[in-house]
1. Could you identify the single residue in C:5, C:15 that is out of contact with any His (no Cβ under 8 Å at 6 or more places or on another chain), more than 14 Å from chain D (Cβ to nearest Cβ), open to solvent by 10 Å² or more (accessible area, probe 1.4 Å) and within 14 Å of ligand 2 (Cβ to nearest atom)?
2. How about segment A:133-184: which of its residues are among the acidic types (Asp, Glu) and surrounded by 22 or more Cβ atoms within 10 Å (Cβ to Cβ)?
3. Examine segment D:186-196 for a residue that is of a type outside the set (Lys, Arg) and either within 14 Å of chain C (Cβ to nearest Cβ) or more than 23 Å from residue D:305 (Cβ to Cβ) (or both), and state whether such a residue exists.
4. Against the conditions (1) surrounded by fewer than 24 Cβ atoms within 10 Å (Cβ to Cβ); (2) out of contact with any Gly (no Cβ under 8 Å at 6 or more places or on another chain); (3) farther than 19 Å from residue D:308 by Cα; (4) within 8 Å of chain A (Cβ to nearest Cβ), where does residue D:161 fall short? Just the number, please.
5. Mind listing whichever residues of segment B:23-52 are away from ligand 3 (no atom under 12 Å from the Cβ) and of a type in the set (Ser, Thr, Tyr)?
6. Looking only at segment D:293-300, decide whether some residue is facing chain A (nearest Cβ under 7 Å), part of a helix (DSSP H, G or I) and not charged (D, E, K, R).
7. Can you name the residue in segment C:158-171 that is outside any loop (DSSP other than H, G, I, E, B) and not hydrophobic (A, V, I, L, M, F, W, C) and is also surrounded by the most Cβ atoms within 10 Å (Cβ to Cβ) among such residues?
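The values are calculated or read from the model by the stated rules, or taken from the named source; none is laboratory data. A quick note: this is a predicted structure, and the numbers were derived from the prediction, not measured. Note that we place each Cβ from the backbone using ideal geometry, even for glycine, and neighbour counts take in every protein chain shown. Heavy atoms of the whole protein, side chains included, go into the accessibility calculation; ligands, DNA and RNA do not. Shrake-Rupley method; radii C 1.70, N 1.55, O 1.52, S 1.80 Å.
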Amino acid sequence: MSNQKAKKWLPYILTAPSLVIVLVFVVYPISSSVLRSFRNRETGSFTFEHYQYFLTDPLQRANILYTLEIVLWTILFTIVASYFLAIYLRFSKSRISKWMGMLTLLPRFIPGMVAVYSVILVIRDSGVLNRVGLLFGQEWKLGWMFNEKGIILMNLWFSIPFATLIIFAALSGIQDSIIESAKDVGASKWQIFRSMILPLSYKDGIVATTFIFLGNVGSFTTPFLMGGNSPKMLGIALYDQFNSYMDYERAAALSVIMFLICSFSAVVYIYTNLKEQEWEKGR
Amino acid sequence: MEEKIKVQINNLAKIYPNGDGVKNVNLEIKEGEILTLLGPSGCGKTTILRALGGFLDVTEGSILINNEEVTHLPPEKRPTGMVFQSYNLWPHMTVEENLSFGMKLRKISKNEIKRDIEKMLAIMSMSGSEKKYPNQLSGGQQQRIAIARSLLLKPAVLLMDEPFSALDAKIRMQMREELKRIQAELNITVVFVTHDQEEAMSLSHRIVVMEKGLVAQVGTPTEIYDNPESKYVASFIGEMNFLELEGEQVAFRPEDVLICKQDEGEHIGVIQSVMLLGHYASITINTGKHLVKAFIPRNKTQNIQEKQTVSFTLNKSITYKKGA
Amino acid sequence: MEEKIKVQINNLAKIYPNGDGVKNVNLEIKEGEILTLLGPSGCGKTTILRALGGFLDVTEGSILINNEEVTHLPPEKRPTGMVFQSYNLWPHMTVEENLSFGMKLRKISKNEIKRDIEKMLAIMSMSGSEKKYPNQLSGGQQQRIAIARSLLLKPAVLLMDEPFSALDAKIRMQMREELKRIQAELNITVVFVTHDQEEAMSLSHRIVVMEKGLVAQVGTPTEIYDNPESKYVASFIGEMNFLELEGEQVAFRPEDVLICKQDEGEHIGVIQSVMLLGHYASITINTGKHLVKAFIPRNKTQNIQEKQTVSFTLNKSITYKKGA
Amino acid sequence: MIETEFNKAANSPIANPKNSLWISLKEGIQSFGKGLNLRRFYHAVGKKKFWEFIIFSVFLLFFYGPLLNTFILAFANTYQFPAVVPQEFGFQWWEFVLSQNSLVESIATSFLLAIITTVVALLVCLPSAYAIARYNFKGRKLFMFSFLLSNAFPKIGLYTAIGIIFYRFNLMGTIAGVVIIHLINSMLFMIWLPAGAFRNVHRQQEEAARDVGASPMRTFVQITLPLAAPGIAVASMYTFLGSLEEAQGTLLVGFPEINTMATSMYGVILDYPATAGAVFALILILPSILIIMLFRKHLVPTEIGKSMSGK
Amino acid sequence: GEESKEVVTLWAGGSDNVRIAMESVTDAFNNSEYGDKYELELEYILSGSGTQGLRDRLLAATKAGETETDYDLILLSDSEYTSYVAEGGEDILTPVDFDKVPNAARLKSSVAVGEDYIVPYRGTTVVLAYNSDTVLTPPQTSEELYQWIKDNPGRFAYNTPGSGGAGSAFVTTSVYNFMPEEALTSQDAAWKEEWTQGFELLEELHPHLYQSGGSVVYPNKNQGTLDLLANQEVDIVPAWADMVIQQIGQGTLPESIKISQITPSFTGNIDAMGMPAIGGDKDGAHAVMDFMLSEEAQGILLDEMAAIPLIDASNLESENSVLLEGLDVSSFRVTSLGTLGTELNEKWDQEIAPLQ
Ligand SMILES: Nc1ncnc2c1ncn2[C@@H]1O[C@H](COP(=O)(O)OP(=O)(O)OP(=O)(O)O)[C@@H](O)[C@H]1O
Ligand SMILES: Nc1ncnc2c1ncn2[C@@H]1O[C@H](COP(=O)(O)OP(=O)(O)OP(=O)(O)O)[C@@H](O)[C@H]1O
Ligand SMILES: [Mg+2]
Ligand SMILES: [Mg+2]
């Protein structure tokens, strides 16, 4: 009997160390930040003023919208491109596709700063692209630096390989015979995508989307090195609060706002992940 | 059965980059027959079937269905229907959606679809399962729906790639009979692939025995069982004993071994094992040089025990040259 | 065979949280016998086997091996050896390492380990494969090594959970004979689980037929084949026809159907299909109310054709009360 | 204006020998453009291959073009507008970068930190991963998602809040503090990936070991762990490389006492011209390349993708 | 032996070029005769890295009541001194015992505030850096500069004031040129009222500044504008004199880049050393201060970061001396805005940055 009891507690004992770390170094600091975000700087009394500031100040609101805009475009482009790539990787049997499969793995391991730096050297107005253009007598000033275009491009550099990997893994779980039988009954490529591939893999698409969302809302390095002066992405706005204005209460409030935005996406993720549809049960 | 030719395969070859594949395949498949491709793993059965279905580019030769060349058409443009070994159904669609998917693509009216599905489910003894998802069906039921899905589109030829091999023995048996019944009822042409000779024997009108990418023999089950043209075919279809006698190979079936009283038989051996297999028993006799397998009806097993010495004669045998 | 009791299961019950499971299991397993647990999927075979091996906490009852209570011992402390359906071997170890792992734990000397392994591989007809990794072996070979691994530790009982069901039909047959040979050679006690009645019939000394978590019948293959105690057992073991006659169920085996000339038989029907199954044929006769299956030897099939009207008598039959 | 500048340079008879390289490059590209008749290529290789080639080229250019460019620049002494290829190659910036002893020190610190982080992460996370894979305990999903949620809070905000705790425990500017930061960053994948790996170890393989007499602990060490090793190795690699590249948190809680390659890179990127940054980028990327070479057998795209989605 | 040496920790912060120079000075100190007795260690806080700045760290430690810290010596500019005192009180630094810093006598310039508490060691100022190939006659006055900007749209850039001193100097002088000179060294919030005119000017200049992708862009960090200059995307930028000179020497800025000062000049700084009261080893700190004013140390600073020497430079041989010619430390405009500086940046962020 004691054996059984031990078994019941074993999983909790095993998870305890990581749980403690999460509680002490993640949950606790986050909670104290949340508290702080409601505190007046001087008096220490309860206040909504910091939230009010971010939600009413036109500049700060522009920052929030700007961030969301960048994230949404990033996700849109990423998902389209990743599906395209993943489908190619899944269904092409050529050697090139094997190579590409391997090559999609690597960007994950490239230090972010190096990647941003490298891309800047290519796309800035005096970058490699324009220099090559000049070889042909063309001015290729892309004008992608210091605005959302560069940030989105850079985000794509990071997120396409990542999303492709996840979707590719999902597509690998789809049996050939599912696709072949659809072909057999006369479905076109688009119909196969819409009726077979998409419904069988959309959950993983959402997983990828969530991670991209989380990663981009608070991203710092990319907008710091590539972004313009205004509006700013929230990661930079937050950094300003700490670094330039040293307003820790406002910073906490902005953190919480960003957290809420991210949680929205995390909740979508958790919801789709927990909800098993009828056809998935018992698999 | 009319002798109309439904499918004609002329000198078909499909060689994979690694050199494997099939070649010199010439076949005529008649309307309303079940033709089985039979052979061990890797002999190229699936390759031929997939070439018929349009899932492969053939290296050489041509395929005609209903006298029309289809060699280079994609699957969706061919009048064929395919049933795979497993994972046939689309797991995210109900039975009804599975069945109607192809029909909708053909712009068949809703009413007609509904009527056809009902009728087909009745034929398959699956009425009432429209709203179920594949994972709520047993393996056998899933395969029935898969067959139904293909049949609803009225294919000229139904292609089946080991459709029952993932099923339990009992259900497999049942499905075979079912398939025979449906095939007879609808008079469809079926190309069936299996590596199970019993399955091939029990449901085919004709069998194509394959060996390493080539056709070894084509014939009705009886023809092939009684007159295997080579040692390979002989050993593959049914059980076969081989004895080496005077430089020749004598082949005979276990049921043609007649166990005699005392020393009346031609050959003598010791009974090594007796295995009861339901209505008959399989007996292994060790003649010293060979192991001979014999089938005897259950009711004659009383007197037979392991380690007993017996003699036997052969009812019937075939002789092959060595090395054939 | 001595009648020494090797394993005793007393009133065993294992109920899973969802209410499924087995109960009222009482069994005595004799030394040197192959006892098979037979039943359809979900009837609790694996549950009993895992309870024997120590992989489950039982809800009630006790298990004695060699007269010692083992009910609450963990697997590593029980004198049992288990062979699973698949994924038996450790893929990161060679055959030799797989085989020696458990022996090393028992502090057996290196020389002895080496000698034992060699001997065991010879018995398994696998000599020379010491340095191979599992993925370099075929499925059948892997299962042999798995059996060898268990046997090397000289378990009091060898537990086998559908060990051959992942294998090809041909290899499955071969493995059965192999197992019988090895078991006889080493005189080990085996508890074998299968849902394939043919497998159970062909290799067991005794069969335990299970139904929904309960033991339905225990007996030798012949006993169970000839005298199934219930309709359930009758229909599960071998093929069985059921006719409803005068409020009673008459059960008879297909081989007990005797096809008569003209109208001499007791029953009349139309032949619906003839399936050639190698050395015999399976015939389905439609009596109007029932479908009756009959097995007849191949050499008697010449005169029989589909759609012909025939009469038949029953050699032998059993009668069950309705609802039994 | 710029164009004439460029033509002047290119046509000048006394063309700077440094420039000859990019002149020949220019000619190469132009003749390539002429010779590569896309249409002819299309018909020569067929439609499918043609598109495959196009996709692959775009893929390579987008993902690897910039990196390659950076590599080249690392060996440039002079790289001034509008040259495509550096006017002068050499190791000037390598000398500059490597001559700073603080850099050598930061490399050592980086590796030390990465090793400690990886080991600690393994010790802390593997048990959790195993529990998630093997037991269906109450709160399992919640536990898994808690790591996701902790990723939803902005990193900078989190670090700052952690900083307050660190001050209290005197962890500011210590190795232990930085390790904790790196640890919480890696926990998500360090638990999810090995959990996937453990799940792929068939229960029978563990049970077979128990059956032949191995204790639970021995079974874990000798059977489960080796079988899950590829997945664990990949996760460790993530942690290791992640720790090497982490800069933001290290700066906030470890700087200036703890100096790593990544924090140095920050300064270099911000305060130095491209060529110096390129050297640093190359140095920073080297461990990644080495480790990827080492582990390439275990880098199965589908497997990694699957575990990253928490399956 | 090594163990007997007293360890002196010097804390500093700023751009990376300063770090490199200070590391060289540290090595030189440890190899000098002072090195027999003391061992100097450098803790360097890179600016713009998001980490807490030196001032905050020191204030936090002081407020926490810590006494035995390793803040033996810090580097701070005279303008920063004001904010240290404003928040930490007069006694946050220990007064310097000039008897222990004999080299102080050689100083040619002095600090504007806190003379008893801090010892200056280098000067630096913001200047105009321009491409002499395209700008034949650089603007001489601020008015000329503003006119040049309007005449040459897109060819001038300054970095965001929050991200680096060059941009900050441009913004500060543009605003304070309209105000009395004393406002530059006052932390009185009342002066905020008078910023309007300056911001109008900045707004007026805005559309004529460097553009990328169709809109005006203010680069981040001092290096950001220098990159634009190096890549010929702009012709004139405000920049730290030391950075420009150093990079011309390294070859990362083409030799066509020149510097010049306008009048009224951009703001500059005198950087100084101070001993926090909560630090330890005062003797060691004095030794380091003395060493910093030696010819050896001043030479290193001049060589490695083109710092303007504060002692008689005639004995110092350096390529950089030529380039620094004409930059007179004594005429530097010093700012000391304290928290007003932060507010200025914030106002810029809110009013200028969002302009289309
Ligand atoms: N896509 C492929 N590329 C290369 N070789 C292949 C491919 N598909 C099949 N082969 C090879 O061609 C031969 C015939 O394969 P095929 O699948 O037709 O055999 P099969 O008779 O269906 O076997 P099984 O009973 O195992 O399904 C085999 O040797 C196989 O290895
Ligand atoms: N861990 C478990 N938790 C809950 N129910 C279980 C568990 N294991 C088995 N069961 C249920 O107990 C019953 C008996 O299961 P068991 O695995 O013993 O059947 P089986 O006879 O071995 O079937 P099969 O032939 O499919 O292997 C089944 O209904 C099964 O669903
Ligand atoms: Mg096949
Ligand atoms: Mg089971």
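1. On the way: C:5 fails: within 14 Å of ligand 2 (Cβ to nearest atom).
Only one candidate qualifies: C:15.
2. First, the residues of segment A:133-184 that are among the acidic types (Asp, Glu): A:139, A:148, A:176, A:180, A:184.
Once the filter is applied, which keeps residues that are among the acidic types (Asp, Glu) and surrounded by 22 or more Cβ atoms within 10 Å (Cβ to Cβ), segment A:133-184 yields A:148, A:184.
3. Taking segment D:186-196 and keeping what is of a type outside the set (Lys, Arg), we get D:186-196.
Now restrict to residues that are either within 14 Å of chain C (Cβ to nearest Cβ) or more than 23 Å from residue D:305 (Cβ to Cβ) (or both): none.
Scanning segment D:186-196 turns up no residue that is of a type outside the set (Lys, Arg) and either within 14 Å of chain C (Cβ to nearest Cβ) or more than 23 Å from residue D:305 (Cβ to Cβ) (or both).
4. Among (1) surrounded by fewer than 24 Cβ atoms within 10 Å (Cβ to Cβ); (2) out of contact with any Gly (no Cβ under 8 Å at 6 or more places or on another chain); (3) farther than 19 Å from residue D:308 by Cα; (4) within 8 Å of chain A (Cβ to nearest Cβ), the lone unmet condition for residue D:161 is (1).
5. As a first pass, look at segment B:23-52 and keep what is away from ligand 3 (no atom under 12 Å from the Cβ): B:23-36, B:51-52.
Residue satisfying the conditions is B:36 alone.
6. Checking segment D:293-300: not a single residue is facing chain A (nearest Cβ under 7 Å), part of a helix (DSSP H, G or I) and not charged (D, E, K, R).
7. Taking segment C:158-171 and keeping what is outside any loop (DSSP other than H, G, I, E, B), we get C:158-161, C:169-171.
The next check asks that each one be not hydrophobic (A, V, I, L, M, F, W, C); those that pass are C:161, C:170.
Numbers: C:161: 22, C:170: 14.
For segment C:158-171, the residue satisfying everything is C:161.
This table checks each residue for (1) within 12 Å of ligand 2 (Cβ to nearest atom); (2) at positive phi; (3) within 14 Å of chain D (Cβ to nearest Cβ).
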| position | (1), (2), (3) |
| --- | --- |
| C:11 | no, yes, no |
| C:32 | no, yes, no |
| C:48 | yes, no, no |
| C:51 | yes, no, yes |
| C:55 | yes, no, yes |
| C:64 | no, no, no |
| C:73 | no, no, yes |
